[in-house]
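These notes are about the structure you will find just below.
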Amino acid sequence: MVQPRFVRPTALSPSSGAGEPNSSNLYVANCGPAVGLSHDAIAAVFSSFGEVNGVYPADESGVRVIVSFADPFSAKSAKEALSGRPCPDLDGRTLHIRYSVLQSPSQTQVGDCVPVSLSGSDLNIPGLFLLPDFVTAEEEQQLLAAVDTQPWIGLAKRRVQHYGYEFCYGTRNVDTKNRLGELPPFVSPILQRISLFPNLDYDPASLNLDQLTVNEYPSGVGLAPHIDTHSAFEDCIFSLSLAGPCIMEFRRYSASTWKVASTTDDEEKPDTSTCIKKALYLPPRSMLLLSGEARYAWNHYIPHHKIDKVKDKVIRRSPRRVSFTLRKHQTMTFKFNCADATKDRIKIKTSHIESVLRNPTDHRKSMKTYTIITAQHETPTNCDLRKKKIGFIAEILPLEKLSNTPFAPPVVMLLFMNNLTLMNRSLRPNKRGFRQQMFNNTLIHLPRPIIPTFTSYRACRKILSKRMSTAMEPKVRKFESVEGADLSSISKPDGIRFRLVSYNILAQVYVKSSVFPHSPPACLKWKARSHAILSVLKKLQADIFCLQEVDEYDCFYRKNMESLGYSGIYIQRTGQRKRDGCAIFYKPSCAELVTKERIEYNDLLNSVKADSVSCSGQKIETSNEAKGDEKAKDSGKDSRDLNDPQVRLKRDCVGIMAAFRINKPFHHIVIVANTHLYWDPELADVKLAQAKYLLSRLAQFKTLISDEFECTPSLLLAGDFNSIPGDMVYSYLVSGYTKPAETIEEAPVPMCSVYGVTRGEPKFTNCTPGFTNTLDYIFFSPSDSIKPVSILQLPEPESPDVVGFLPNNHHPSDHLPIGAEFEISPE
């Protein structure tokens, strides 16, 4: 027997004179079988107010019921007497009651009486194909388990994951400049099977799907009618349904049903009463293909239902449904008129634009093609066409190629603004008069007929200020094999890999224009730098990050790194005015934190005797004259007697050690240490003492882990050592691996530099006007169980992104990130 369905009353529900819904049904919360109250017991209590027709479950929770009376007056009496009050006859529970109305049978039909088909061919929509049982039940569970280990992005009613390229819901487009990497390995079997998809009109080799969006829909959550953005994705769209079924409805609207506002950015509103509707049942593990007409002409829509009706059979949706949507991002010139392209820019070729501008009468049709389309079949006015055309051409063509075109005055004015912006960035004027002088000087180089266009500096001032505020565009290089071969070709079948990156991110407390006068002011702002640093970390895709100079850990880095799927440990410097420290972020899906220890180099005060540090007999000068940016970033030299070891050794530097169990398949333990040694080259003996203390603590920590877990852990040491290759600190750190000089004692643990033993140390990792050299390293203890297989590439001194020193618009820190990918083999 099908139970009646009740819903919350709406404004259209009949009401009594007192303004209450004229309903004989009550929705009662906080009582039901789940809390030990049977429907009969509930009916007995409510029957004291009138005749009760029945008690029904309101949902699957077991703590909410519907009490149906024979008349609305009894329902009103019960609500006034029991709502918001403890009921002694129902175990003293406080009941929360509101009215409910019986839903008519016509309202319970799925999709407004749209017949539901079980086969894609029944819809007769060209380009739509449905393949049931595309994956097996076992493969379904494997795919669900794989995505559940990755971080989700929460939207209003569902959660998503993006791979390959991120889809931006605000702009309805993909950010092609921010590649997230290759598609994950767990979708490789799907991609191979797609190439064998029947009815595929495309060459499988040409599909090259490179974008995956994983959607998780809770029960009752659907999807608004839409067409996937034409200019963002190419023709074929594949959607794999997992964990539960749903109804997908397809709607085709006529051109007259769209109400377009030409002067606003409001979204178009379709009139659903004059459209063609068709519905299709998507069973679990089925693959849907939309291409051609089905892709471009039909909106697809998932109703927001918890219960679907298919062929007179009621199907309750599962608590969770997951879809894998595979697409290829658009790389060709966009040629379609569609409402979804309201904010898209059209990709055009420079050579053809020049032809269009020089001969506008021969290219009227082309000019319309290149405009930003505002709606279906909408033709902008000539004025709008010209403005929109010029608006993005000005960012592509140089000044000299447009100075004599029919559109020269307005185009050159915008190009002139770009040119002036570059001059301002280079010379960094800070006075209005000097900027006015530059403006006038630039006019001299423009053709004479164009000069009257720029008579008003004040009129262009607003545009100029906007053009001077440029967003940072972080640049991250790729990892390359240490053997010069494809990484997969040097991998052992049973080995596992993880990626470690070390990065001094430059604490914001040290960022001052006086310290970095060479840097564009915009890239020194915390808002710009913080987002740029996160962008760099996201692009590096490391399993373990060792970060130095972290000074906004609790309020920024921890929560943002957690949103990217990382957990973190942190130690702050010990000085009263020191706000930065060292942090290790790791992916729990890759590594499990076993234990950790702090390293505070001020402990040398207690463990090192006064004569253990070689001090010169002459008092060291402590002037504040800067000899590099590291010195300027710190609080200045100590004005006390540096010949006193108690003063000399107290530098407030710290480090952190952590033991990680690498997850699967053989749970190898890796010790990762992250540190930041003192900067001053005049206190090289202090840095050497810190390095010795560091390796002694690391050796003790290794012994502790070995004894407790009966294993041989691998050692990794990363950080900013403020030491160049070949100096005392560097030589000591590698002395256990290479034969040390007579003046250098051997380290307690053998360590070698990843870059040093593979491609050679980089030419620089720190790049400022006062100092450019290598200060950052990743050391590892060589063994048969771990080896580096790839390293992060670093720029050459003449690379455009580092010319002019750091930080800049491409690098948010004065240091460069370094990284290595390690492979672990069974012991």
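The values are calculated or read from the model by the stated rules, or taken from the named source; none is laboratory data. Just so it is clear, the structure is predicted and the values come from calculations on it, not from any experiment. FYI the Cβ positions are ideal-geometry reconstructions off the backbone, even for glycines, and counts take in every protein chain you see.
Determine if region 733-740 includes at least one residue that is assigned to a helix (DSSP H, G or I), under 19 Å from Cys546 (Cα atoms) and assigned by TED's automatic domain parsing to the domain that holds Leu649.
Within region 733-740 (the criterion being assigned to a helix (DSSP H, G or I), under 19 Å from Cys546 (Cα atoms) and assigned by TED's automatic domain parsing to the domain that holds Leu649), the answer is yes, since at least one residue qualifies.
For region 781-800, which positions are of a type outside the set (Ser, Thr, Tyr) and free of Cβ contacts under 8 Å to residues at least 12 places away in the same chain?
Glu798, Pro800
Under the condition of being farther than 26 Å from Val476 by Cβ and surrounded by 13 or more Cβ atoms within 10 Å (Cβ to Cβ), which residue from region 143-171 is modelled with the lowest pLDDT?
Only one residue tops the list, namely Arg158.
Condition test on Ser68, is it at pLDDT below 90 and of a type outside the set (A, V, I, L, M)?
No, not satisfied.
Any chance you could count how many residues in region 127-138 are of a type in the set (D, E, K, R) and either outside the structural domain of Ser188 (by TED's automatic domain parsing) or within 9 Å of Arg285 (Cα to Cα) (or both)?
Within region 127-138, residues that are of a type in the set (D, E, K, R) and either outside the structural domain of Ser188 (by TED's automatic domain parsing) or within 9 Å of Arg285 (Cα to Cα) (or both) number 1.
Taking region 237-255 only, how many residues are under 26 Å from the mean Cα position of the chain (by Cα) and either modelled with pLDDT under 90 or assigned to a strand (DSSP E or B) (or both)?
Result for region 237-255: 6.
Here's a check for you: in region 718-771, which residue that is of a type in the set (Ser, Thr, Tyr) and over 39 Å from the mean Cα position of the chain (by Cα) is surrounded by the most Cβ atoms within 10 Å (Cβ to Cβ)?
For region 718-771, the residue satisfying everything is Tyr732.
Select from region 523-556 the residues that are farther than 22 Å from Phe805 by Cβ and of a type in the set (Phe, Trp, Tyr) and list them in ascending order.
Result: Phe545, Tyr553, Phe556.
For residues that are closer than 16 Å to Leu288 by Cβ and aliphatic (A, V, I, L, M), scanning just region 197-209, find the one that is modelled with the lowest pLDDT.
The qualifying residue modelled with the lowest pLDDT is Leu200.
State whether one or more residues within region 330-347 are assigned by TED's automatic domain parsing to the domain that holds Thr229, within 30 Å of Asp133 (Cα to Cα) and either modelled with pLDDT of 70 or more or in contact with an Asp or Glu (Cβ under 6 Å, 6 or more places away or on another chain) (or both).
For region 330-347, residues assigned by TED's automatic domain parsing to the domain that holds Thr229, within 30 Å of Asp133 (Cα to Cα) and either modelled with pLDDT of 70 or more or in contact with an Asp or Glu (Cβ under 6 Å, 6 or more places away or on another chain) (or both): present.
Take region 557-607 and flag every residue that is over 27 Å from the mean Cα position of the chain (by Cα) and assigned to a helix (DSSP H, G or I).
Tyr601, Asn602, Asp603, Leu604, Leu605, Asn606, Ser607, listed by residue number.
Hey, can you tell me all the residues within region 121-168 that are assigned to a helix (DSSP H, G or I), under 22 Å from Gln192 (Cβ atoms) and not polar (S, T, N, Q)?
Listed by number, the residues that qualify are Ala137, Glu138, Glu139, Glu140, Leu143, Leu144, Ala145, Ala146, Val147.
Can you list residue pairs whose Cβ atoms sit under 7 Å apart, with the first residue in region 801-827 being closer than 19 Å to Lys512 by Cα and the second being among the acidic types (Asp, Glu) and surrounded by fewer than 20 Cβ atoms within 10 Å (Cβ to Cβ)? Count only pairs 6 or more apart in sequence or on different chains.
Asn809/Glu473; His810/Glu473; His810/Asp801; His811/Asp801
Filter region 571-590 for residues that are within 20 Å of Asp603 (Cα to Cα), of a type in the set (Val, Ile, Thr) and out of contact with any Asp or Glu (no Cβ under 6 Å at 6 or more places or on another chain) and give the result.
The one that is within 20 Å of Asp603 (Cα to Cα), of a type in the set (Val, Ile, Thr) and out of contact with any Asp or Glu (no Cβ under 6 Å at 6 or more places or on another chain): Ile571.
Can Thr712 be described as closer than 26 Å to Ser785 by Cα and in a helix (DSSP H, G or I)?
When the stated conditions are applied, Thr712 does not pass them.
Gln700 is checked against (1) in contact with a Phe, Trp or Tyr (Cβ under 9 Å, 6 or more places away or on another chain); (2) closer than 19 Å to Phe780 by Cβ and fails just one. What number does that condition carry?
(1)
If I ask for residues that are assigned to a helix (DSSP H, G or I) and either under 15 Å from the mean Cα position of the chain (by Cα) or of a type in the set (Asp, Glu) (or both), which ones from region 538-555 would you list?
Hits for region 538-555 are Lys538, Lys539, Leu540, Asp554.
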